[in-house]
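This report concerns only the one structure given below.
The values are calculated or read from the model by the stated rules, or taken from the named source; none is laboratory data. Here the structure is a predicted model, which is why all the values come from computation and not from measurement. Here the Cβ positions follow ideal geometry from the backbone for every residue, glycine too, while neighbour counts run over all protein chains shown. Quick note on the areas: whole protein, heavy atoms, side chains included, nothing else; ligands and nucleic acids left out. Shrake-Rupley method; radii C 1.70, N 1.55, O 1.52, S 1.80 Å.
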Amino acid sequence: MRLQESGEMYLETIYILSKKSGVVRSIDVVEYMGFSKPSVSRAVGILKNGGYVLMDKDGYLTLTDDGLEVAKKIYERHTFLTDFLIRLGVSNETAVEDACKMEHDISDETFEALKRHVSKFSEK
């Protein structure tokens, strides 16, 4: 199942929150993303059905191996692209916004080429 951009954003958010505090509940996602409880509940349900997220009896969310793989991929793209744009002279706020848009649409081939290109200049 190919995730939509919103699903990728939810997985990335769960990943970020779990790195910060170790445990994540839907309410944490609501507060972090600024979305309504019903929207987050619906999205979490879709991610559970897709095999990306588990929820225990106390409501704590955990990424499955598939969910973690997607989340790490999107997070890496977001952080790399944000840093790349800032290095180009883009303001921090714009870089974060643009990276968020780009991270979901850029092909694996192009992303890997960008990383190779940047690493060539970082080595010098």
What number goes with the only condition from (1) touching an Asp or Glu at 6+ places or on another chain (Cβ under 8 Å); (2) surrounded by 15 or more Cβ atoms within 10 Å (Cβ to Cβ); (3) not in a helix (DSSP H, G or I) that Phe35 does not pass? (1)
Inside the stretch 7-32, can you point out the residues that are open to solvent by 60 Å² or more (accessible area, probe 1.4 Å) and closer than 22 Å to Ala99 by Cα? Lys19, Lys20, Glu31, Tyr32
Pairs where the first residue, in the stretch 1-24, is over 14 Å from Asp105 (Cβ atoms) and the second is among the β-branched types (Val, Ile, Thr) and part of a helix (DSSP H, G or I), C-beta under 6 Å, 6+ apart: Leu11/Val70; Glu12/Ile74; Thr13/Val29; Val24/Ile14
The stretch 66-113, subset open to solvent by 40 Å² or more (accessible area, probe 1.4 Å) and among the hydroxyl-bearing types (Ser, Thr, Tyr), residue nearest to the chain's Cα centre (by Cα): Tyr75
For the subset of the stretch 10-27 comprising residues that are more than 15 Å from the chain's Cα centre (by Cα) and part of a helix (DSSP H, G or I), which member is modelled with the lowest pLDDT? Ser21
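Just to be sure, is Gly51 exposed (fewer than 14 other Cβ atoms within 10 Å of the Cβ) and touching a helix residue (DSSP H, G or I) at 6+ places or on another chain (Cβ under 7 Å)?
Details: exposed (fewer than 14 other Cβ atoms within 10 Å of the Cβ): yes; touching a helix residue (DSSP H, G or I) at 6+ places or on another chain (Cβ under 7 Å): yes.
Answer is yes for this residue.
For the stretch 55-65, which positions are open to solvent by 90 Å² or more (accessible area, probe 1.4 Å) and more than 12 Å from Arg25 (Cα to Cα)? Walk me through it before giving the result.
Start the filter on the stretch 55-65 by keeping residues that are open to solvent by 90 Å² or more (accessible area, probe 1.4 Å), which leaves 57, 65.
Correct list: Asp65 only.
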